[in-house]
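Just so it is clear, none of the values below were taken in a lab; they were calculated from the coordinates. No experiment lies behind these values; they were computed from the predicted model shown. Here Cβ is always computed from backbone atoms with ideal geometry, including for glycine, and neighbour counts include all displayed protein chains.
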Amino acid sequence: EILDHSKIEAGKFDLISTDFDLLECMEFVKSVSQPLAEKNSNVIEYNFEDNLGLMVCDETRLRQCLLNFLSNACKFTENGVVTFTVRSKDDDKGSYIEFLVEDTGIGMTQEQVDKVFEEFVQAEDSTAARFGGTGLGLSITKLLVEMMGGEVAAQSVPGEGSSFSITLPRFASA
């Protein structure tokens, strides 16, 4: 993560866009994320639209971003539910794919949400000590998504859970 972050900051990081079947990509993410859920006795509910079709972007980096979100959701949730939704969104500006990861975990205050995509930031020292991590996963995710022409967002309620989303153009230009 530190190497990726350094390359991005230095402008030495290239995305490799390809066209791929989005549902096949999500099935891969599903297979990798399932063991993450089991670690804390969580259940992941997968809600994928049936006809997601093709997408053009850096598939490897998309997987990395989604697994960062799913890993965090599973890490900060115990005996709970993580919901992963993928759906198409079309508007007058184009076609987009929205990826949404929601959990029933510990949640965050608004102040924590406001800082969650900053590098080396974790909720607070006691959370970092309990859950570990570098504080880079979400900042890298934000940088990668923005490089692919998309946006990230987060919402949370302490004690109720968090919601993280990625919205990307269906046909990203890299």
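At-a-glance table
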read-out: Mean Cβ count within 10 Å, highest first, over the residues of peptides 76-83, 87-94, 40-47; value: 76-83, 40-47, 87-94
read-out: Dipole moment magnitude, nearest 20 debye, the range 13-69 about Cα centre, only Lys, Arg, Asp, Glu C-beta charged; value: 340
read-out: Label point distance in nm, Glu78-Thr18, each placed 7 Å from Cα along Cα→Cβ; value: 4.0
read-out: Length released on extending from Asp91 to Gln110, taking residue separation times 0.36 nm less the Cα-Cα span; value: 3.9 nm
read-out: Hypothetical label at Val43: residues of the range 101-118 whose amide nitrogen lies under 16 Å (7 Å Cα-Cβ projection); value: 102-105
read-out: Under 17 Å from Lys30, Cα to Cα: aspartates and glutamates that are on another chain or at least 8 residues apart; value: Asp21, Glu38, Glu45, Glu49, Asp50, Glu59, Glu98, Glu102, Asp103
